[in-house]
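Some notes on the structure that comes next.
Only the coordinates and a few stated rules stand behind these numbers; no lab work does. Values in this document were obtained by computation on a predicted structure and should not be read as measured data. Please note: Cβ atoms are built from the backbone with ideal geometry, for glycine as well, and neighbour counts cover all protein chains shown.
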Amino acid sequence: MSKVPLTVKGAEKLRAELEELKSVVRPRIINAIATARAHGDLKENAEYHAAKEQQSFAEGRIAEIEGKLANAQIIDVTKVDANGKVVFGATVALEDIDAEKRVTYQVVGEDEANIKEGRISIGSPIARALIGKEAGDVVIVKAPAGNIEYEIISIEYI
């Protein structure tokens, strides 16, 4: 299986979620199952079935996060020598030439992407258009609504 790029912050966030699931959520669910079992008949015990469902979800999420971390290539953008080019992890300020609107995005891995927080996936059309470009370059992004022209205002590696 190929390595999946992940920023340092993204890896830290996944590790924190994993720790929370293992040290807080898992014990809480185990206690809920034990309490529900003490109530007797498990066939008609809604609390027991709900706790087992929560356990299944939590264990699935733990396995998913462990898999993501095992297959991650963690990239510290602050230590990358990109020579002023847009690379994975870079934060890019853009201006939509037609709308004269500025936006800032960080190019991140698929699991970290969140457009509301200004993080776009490396596989997104905008990120693909930006990779390898420099400040001052104009890029054309093929979007469902048509082509959008952006000028790269600045690139930061933070």
Practice problem: Report the residue, chosen from 111, 137, 76, that carries the largest GNM mean-square fluctuation when the chain is represented by alpha-carbon nodes joined by springs under 10 Å. | Solution: 137
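Taking the beta-carbon count within 10 Å as an exposure proxy, list 6, 21 from fewest neighbours to most.
Least crowded to most crowded, the residues run 21, 6.
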Quiz item: By the gyration tensor of its Cα atoms, with a ≥ b ≥ c the square roots of the eigenvalues, what is the shape of the range 93-144: rounded for a/c under 1.5, prolate for a/b over b/c, or oblate?
Solution: prolate
Quiz item: Label-point separation (nm) for residue 76 and residue 116, each offset 7 Å from Cα along Cα-to-Cβ?
Solution: 3.2 nm
Quiz item: Given the C-alpha centroids of the range 115-130 and the range 1-55, what is the distance between them in whole angstrom?
Solution: 31 Å
Exercise. Eight or more residues apart or on different chains, and alpha-carbon atoms under 30 Å: count the Lys pairs in the range 31-158 matching that.
Key: 19
Practice problem: Name the aspartates and glutamates eligible as straight-distance cross-link partners of residue 13: C-alpha to C-alpha under 13 Å, and not fewer than 8 places from it in the same chain. | Solution: 66, 111, 112
Quiz item: What's the angle, to the nearest 10 degrees (0 to 90), between helix 26-38's Cα axis and the longest principal axis of the chain?
Solution: 30 degrees
Quiz item: So what is the calculated 222 nm ellipticity per residue for the chain, using -39500 (n - 2.57) for each DSSP H run with n of 4 or more, over all residues, to the nearest 500 deg cm²/dmol?
Solution: -11500 deg cm²/dmol
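Charges at C-beta only: +1 for Lys and Arg, -1 for Asp and Glu. How large is the resulting dipole of the range 1-148 about its Cα centre, in Debye rounded to 20?
200 debye
First check a/c for the range 1-95, with a ≥ b ≥ c the square roots of the eigenvalues of its C-alpha gyration tensor; if it is under 1.5, answer rounded, and if not, answer prolate when a/b is larger than b/c or oblate otherwise.
prolate
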